[in-house]
Amino acid sequence: MSRLVVVSNRVAAVKQSRPGAEGGLAVAVRAALRARGGIWFGWSGKVLERDYGQPTLTQAGKITYATIDMTQRDYDEYYVGFANSTLWPLFHYRLDLAEFAQRTWAGYQRVNTLFAHRLQPMLEDTDVVWVHDYHFLLLAEILRSAGCKQKMGFFLHIPWPSLEVLLALPQHREIVKALCAYDLLGFQTVDHLHCFQDYIRREAGGEIGDDGTIKVFGRALKAQAFPIGIDTEMFAQMAVESEDSKQVHRLLESLGKRDLMIGVDRLDYSKGLIKRVEAFEHLLAAYPDNRGKVVFLQINPPSRSDVADYIDMKRELEATAGHVNGTFAEYDWMPIRYLNKSFSRRVLSGFFRVSRVGLVTPLRDGMNLVAKEFVAAQSEKDPGVLVLSRFAGAARELDGALIVNPYDVEGVAERMQEALTMPLGARQERWRSMYKSIAENDVTAWRENFLQTLQKSGRTR
Ligand code: GDG
C-alpha cells in the first residue's frame, strides 16, 4: 500500500487525548496514516515574526507530523485575508461580505507556494497525497510544476458555489485551472459537484464523461461527491455514557420538566444563528403554550474572532438573543441560554441525547456534522427530532429530519412546533431511517471510498 500524505491547514495534536475528544475527521485521517504510514503536513497554528524555518517533524509510530509556522504577514493575507475573508464568504454565498484585494490573493498564492516547496522534499514517488479544504486550492498545480508526479486528491469541506456566484471571484479561472491539477476532486454533495461541472462545461469549455471524468485545460481528472460522515458508533456510545455525567445531571436538574431545544455551532455567520433566534422568538409569539415550558440552549464555541465580520455578527446575535429574553423571560424561566464557549465532545453528546429538538439551520453548509452527531446521540426509545436546513449538505442524506428553509423564520417556527409536539412513533420512525444512513456512511467508509477512488484515478505513472 502506498504511503499517505495528508495536507490540511491545521494538523491534529500528535498525542491523542481520550477517545472521542477529537472530531471524526482527525480520527479517520489518523487511522489511515497509522495503517499506511505517512505524513500529516500543515500549519502549526503559531504566528511568528520571523521567516519560515524547515518543518518541525515529530515521529509517532508510522506517522510523521510535519508543521510549519506562519509569519504575521502571511497569517493576515492568506489566512484571515483570502481564505477567510474572500473564499469562505463567497463559497457560502455571502457576496456582501466577500473582500477582494490583490494583496490577499498574492498572500494566498505565496503561502500555497511555500507549503508546496516545504512539502516537496518530503515526498516519495509512490506517495498518495490527500489535500483538504479551501486553504490549499493551488497546491497540486504548484507541486506539478515542480515536477511532482504523485497521485493527488483534494476534498472540499465547504460548499462549491453556483456558477453565477463563483464568477464574482476575480481569480475564478486561475483557481479552477489550478484545482484541475489534482487527479481527484471530492465534494460534499452532488449539488456541489454539479455546480463545479457547470463551471467546467459552461465557463471553461471542458467535457464531462459519464463516469465523472473531466477533460479541461489540457488536463484529465475525476470529480465526485463523497459526503463526509462521523464516527457514528463511537459518538453514540459516548452519548450513552455521557447521559450519566455530572454535567448532564445538572442540566436536567436546571430544566425541571421543560423541553430542551439545542443548537451547537461555531460562531459563524454561515450557521444562520440570528435567523434561528428570530424563529424561536416567533415560536414563542405564535405558540404561547411553549412559554415557560421550552428552553433553547445555544452553544457557540468562539471562532475567527480576528475577522471583523465575526465580531459584528456576535454583537448582533447577542442583541437579538437579549431582546428575546427581555421580551419573554419570567422570574423563573429564561427562554434562551446563550453560551459563548466550548464544551468537550463528550459533554456535548450527552446534551444532545437529552434534547427534545436539535436545531441545525445554517444558511449554507458543506455538510454539517452536528446534524449527524445529534442523530447519533439519540436513544431509540425516546429520540429527539432534528430540524435541519435544506442548505446543509446533510439534508441530502438525513431525510428523516424536518427540513426547513432557514430564511423563512415563520416556517422554521412551524417546524419547531411540529418537532416539539411530534408523537413518539413518528419520532422513532424518522430517527431509524437517519441512524441507518449515518451508520452505513460513517467517516471510515467516507475515507476509504475517497482513497480507493484516488488510487484508481489519475494518469498511469
Ligand atoms: C467544516 C464545514 C463540514 C462544536 N462545538 C464544539 C465542538 N464542535 C464540533 C462539532 C462538530 C464540529 O465541531 C463542527 O463541524 P461542522 O460540520 O458542524 O462545521 P464546520 O466547523 O464549519 O466544518 C462543514 C465539516 O467541515 C466537515 O467536512 O461538515 O460543512 O463547514 O464535530 O461537534 N467540539 C468541541 N467543543 C465544542 O464546543 N470539542
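Just wondering, is there one or more residues in the range 305-318 that are closer than 20 Å to Ala419 by Cβ, away from the ligand (no atom under 16 Å from the Cβ), assigned by TED's automatic domain parsing to the domain that holds Glu380 and not in a helix (DSSP H, G or I)? No, every residue in the range 305-318 fails to be closer than 20 Å to Ala419 by Cβ, away from the ligand (no atom under 16 Å from the Cβ), assigned by TED's automatic domain parsing to the domain that holds Glu380 and not in a helix (DSSP H, G or I).
Among the residues making up the range 197-209, those that are assigned to a helix (DSSP H, G or I) and either out of contact with any strand residue (DSSP E or B) (no Cβ under 8 Å at 6 or more places or on another chain) or buried (at least 16 other Cβ atoms within 10 Å of the Cβ) (or both) are Gln197, Asp198, Tyr199, Ile200, Arg202, Glu203.
Just give me the residues in the range 81-112 being in contact with a Pro (Cβ under 9 Å, 6 or more places away or on another chain) and either closer than 22 Å to Val7 by Cα or not assigned by TED's automatic domain parsing to the domain that holds Trp160 (or both), in sequence order. If the condition is that a residue be in contact with a Pro (Cβ under 9 Å, 6 or more places away or on another chain) and either closer than 22 Å to Val7 by Cα or not assigned by TED's automatic domain parsing to the domain that holds Trp160 (or both), then Phe91, Trp105 are the ones that fit. Listed by first and then second residue, the pairs linking a residue in the range 335-356 that is part of a helix (DSSP H, G or I) to a residue that is within 13 Å of the ligand (Cβ to nearest atom) and aromatic (Phe, Trp, Tyr), with Cβ atoms under 7 Å apart and 6 or more places separating them unless they lie on different chains, are Ser349/Phe235; Phe352/Phe374. Of all residues in the range 164-196 being of a type in the set (D, E, K, R) and part of a helix (DSSP H, G or I), which is nearest to Lys372 (Cα to Cα)? The extreme case among them is Asp191.
Restricted to strands (runs of 3 or more DSSP E) entirely inside the range 13-126, those with at least 2 residues that are within 16 Å of the ligand (Cβ to nearest atom) and not basic (Lys, Arg) are 38-48. Flag set for Gly147, criterion: over 21 Å from Gln455 (Cβ atoms), more than 16 Å from the ligand (Cβ to nearest atom) and surrounded by fewer than 16 Cβ atoms within 10 Å (Cβ to Cβ). Would you be able to say whether some residue in the range 17-30 is modelled with pLDDT of 90 or more and farther than 28 Å from Gly393 by Cβ? No, every residue in the range 17-30 fails to be modelled with pLDDT of 90 or more and farther than 28 Å from Gly393 by Cβ. Restricting Gln378, Gln417, Gln428, Gln455 to those that are polar (S, T, N, Q) and either on the phi > 0 side of the Ramachandran plot or touching a Leu at 6+ places or on another chain (Cβ under 8 Å) (or both) reduces the list to Gln417. Restricting Leu90, Leu123, Leu97, Leu138 to those that are closer than 20 Å to Thr56 by Cβ and surrounded by 15 or more Cβ atoms within 10 Å (Cβ to Cβ) reduces the list to Leu123.
Within the range 260-286, residues that are on the phi > 0 side of the Ramachandran plot and within 14 Å of the ligand (Cβ to nearest atom) sit with their Cβ atoms under 9 Å from residues that are among the hydroxyl-bearing types (Ser, Thr, Tyr) and not in a strand (DSSP E or B), at 6+ positions apart or across chains, in these pairs: Gly272/Thr361; Gly272/Tyr407.
Taken over the range 56-107, the residue count meeting the criterion of being in contact with a Lys or Arg (Cβ under 9 Å, 6 or more places away or on another chain) and under 19 Å from Leu163 (Cα atoms) is 5. When each of Val387, Val375 is tested for being under 20 Å from Glu22 (Cα atoms), surrounded by 23 or more Cβ atoms within 10 Å (Cβ to Cβ) and either in contact with a Cys (Cβ under 6 Å, 6 or more places away or on another chain) or of a type in the set (Val, Ile, Thr) (or both), the lone residue that passes is Val375. Would a scan of the range 258-274 turn up a residue that is farther than 27 Å from Ser303 by Cβ and assigned by TED's automatic domain parsing to the domain that holds Trp333? Yes, there is a match, as at least one residue in the range 258-274 is farther than 27 Å from Ser303 by Cβ and assigned by TED's automatic domain parsing to the domain that holds Trp333. Across the range 324-334, the qualifying residues are those that are part of a helix (DSSP H, G or I) and without any contact (Cβ under 8 Å) to a residue 24 or more places away in the chain, and the one among them that is nearest to the ligand (Cβ to nearest atom) is Asn325.
Answer yes if at least one residue in the range 41-50 is crowded, with 19+ Cβ neighbours inside 10 Å, more than 22 Å from the chain's Cα centre (by Cα) and among the charged types (D, E, K, R), and no otherwise. Checked against the condition, which is being crowded, with 19+ Cβ neighbours inside 10 Å, more than 22 Å from the chain's Cα centre (by Cα) and among the charged types (D, E, K, R), the range 41-50 yields no hits at all.
Of the residues Asp259, Asp312, the single one that is more than 28 Å from Leu193 (Cβ to Cβ), surrounded by fewer than 21 Cβ atoms within 10 Å (Cβ to Cβ) and out of contact with any helix residue (DSSP H, G or I) (no Cβ under 7 Å at 6 or more places or on another chain) is Asp312.
The values are calculated or read from the model by the stated rules, or taken from the named source; none is laboratory data. This structure is a prediction, so every number in the text was calculated from the model and none was measured. Please note: Cβ atoms are built from the backbone with ideal geometry, for glycine as well, and neighbour counts cover all protein chains shown.
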